[in-house]
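Visitor: Following this message is one structure expressed as structure tokens.
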Amino acid sequence: GGGLLQAKAAKSAAAKASDAQLQGTELSIAEQRRQFNLVRQLSAPYVAAGNKGLYGSMSLLGLNGKAEQAAGIQGIESGAEFGSLVRNGEQAILSNASATGGLRGGNTEAALAQFRPEILSSLINKQIGNLGGLAANGQNAAMGVGTAAQNMGNNISGLYGDAAAARAGNALASGQATSNAIGGIVGSLRQVMGSIQP
């Protein structure tokens, strides 16, 4: 009877220990998922901006078709920065020509003719650089989320291994307790049988 009670107590202790370890594993997995979701949420605006930057730079380079390229260039040309630079630059060219007496000269006309395309080309290149920077930031954010996901996967995989080990430990401890109880009973029976035999 004592052996059976000991076996029952050992099985109960093993089950409690296994349950505690499993609960800890589940809490750890839940926390890792929560942290990953937080990283993904914090990175989402940067990834979205990066996608827009990539699409915008591809459009200006003509990789999304001629219509997208034309729309991108038109957007720059109708923008406030282009208008301000052209207005100020043309006024400076005309003021300089007026001051030097060359207002109607060919050099002034050539300078005015070249000025707008140069400003537009410069702004297109600047915009491609800006959009490329956005795309790079988005790529870095996406890579950070990917690294966090990979780390979380590795950690959770290890925790699932710990959970399996806890279950296996519980099964082994229960089996050992049962084996010990049976061994004790068999030993007691042998003693009883040995004392009965002359």
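Visitor: Taking ASN64, is it of a type in the set (S, T, N, Q) and under 30 Å from ALA142 (Cα atoms)? Explain how you work it out, then say what you get.
Guide: On the way: of a type in the set (S, T, N, Q): yes; under 30 Å from ALA142 (Cα atoms): yes.
For ASN64, the condition - of a type in the set (S, T, N, Q) and under 30 Å from ALA142 (Cα atoms) - is met.
Visitor: Okay, moving on. Being open to solvent by less than 40 Å² (accessible area, probe 1.4 Å), free of Cβ contacts under 8 Å to residues at least 12 places away in the same chain and closer than 30 Å to ILE29 by Cβ is true for just one of GLY153, GLY83, GLY138, GLY105. Which residue is that?
Guide: Details: GLY83 fails: closer than 30 Å to ILE29 by Cβ; GLY138 fails: free of Cβ contacts under 8 Å to residues at least 12 places away in the same chain; GLY105 fails: closer than 30 Å to ILE29 by Cβ.
The unique qualifying residue is GLY153.
Visitor: What are the residues in region 56-80 that are surrounded by fewer than 12 Cβ atoms within 10 Å (Cβ to Cβ) and polar (S, T, N, Q), if any?
Guide: GLN74, SER78
Visitor: Here are the criteria: (1) more than 30 Å from TYR160 (Cα to Cα); (2) in contact (Cβ under 8 Å) with a residue 60 or more places away in the chain. Tell me which single one ILE29 does not satisfy.
Guide: (1)
Visitor: Name the residues in region 9-55 that are within 30 Å of ILE124 (Cα to Cα) and open to solvent by 90 Å² or more (accessible area, probe 1.4 Å), would you? Talk me through it step by step, then tell me what you get.
Guide: Keep residues of region 9-55 that are within 30 Å of ILE124 (Cα to Cα), which gives 43-55.
Across region 9-55, the qualifying residues are TYR46, ASN51, LYS52, TYR55.
Visitor: Against the definition (of a type outside the set (Phe, Trp, Tyr), in contact (Cβ under 8 Å) with a residue 60 or more places away in the chain and assigned to a helix (DSSP H, G or I)), how does GLN69 come out, yes or no? Can you show your working first?
Guide: On the way: of a type outside the set (Phe, Trp, Tyr): yes; in contact (Cβ under 8 Å) with a residue 60 or more places away in the chain: no; assigned to a helix (DSSP H, G or I): yes.
Considered against the rule, which asks whether it is of a type outside the set (Phe, Trp, Tyr), in contact (Cβ under 8 Å) with a residue 60 or more places away in the chain and assigned to a helix (DSSP H, G or I), GLN69 comes out as no.
Visitor: Related question: Restricting to region 35-68, what's the tally of residues that are of a type in the set (Lys, Arg) and farther than 10 Å from LEU131 by Cα? Let's see the steps before the verdict.
Guide: Taking region 35-68 and keeping what is of a type in the set (Lys, Arg), we get 40, 52, 66.
Then keep just the ones that are farther than 10 Å from LEU131 by Cα; that gives 40, 66.
Looking only at that region, the number is 2.
Visitor: Could you check region 11-68 and list, in sequence order, the residues that are of a type in the set (A, V, I, L, M) and within 30 Å of ALA168 (Cβ to Cβ)?
Guide: Initially, region 11-68 is screened for residues of a type in the set (A, V, I, L, M), giving 13-15, 17, 20, 22, 27, 29-30, 38-39, 42, 44, 47-49, 54, 58, 60-61, 63, 67.
ALA13, ALA14, ALA15, ALA17, ALA20, LEU22, LEU27, ILE29, ALA30 - these are the residues of region 11-68 that are of a type in the set (A, V, I, L, M) and within 30 Å of ALA168 (Cβ to Cβ).
The values are calculated or read from the model by the stated rules, or taken from the named source; none is laboratory data. Keep in mind the model is a prediction, meaning the values are calculated, not measured. Positions of Cβ are backbone-derived with ideal geometry, glycine not excepted, and every protein chain shown enters the neighbour counts. With ligands, DNA and RNA removed, areas are computed over all heavy atoms of the protein, side chains included. Shrake-Rupley method; radii C 1.70, N 1.55, O 1.52, S 1.80 Å.
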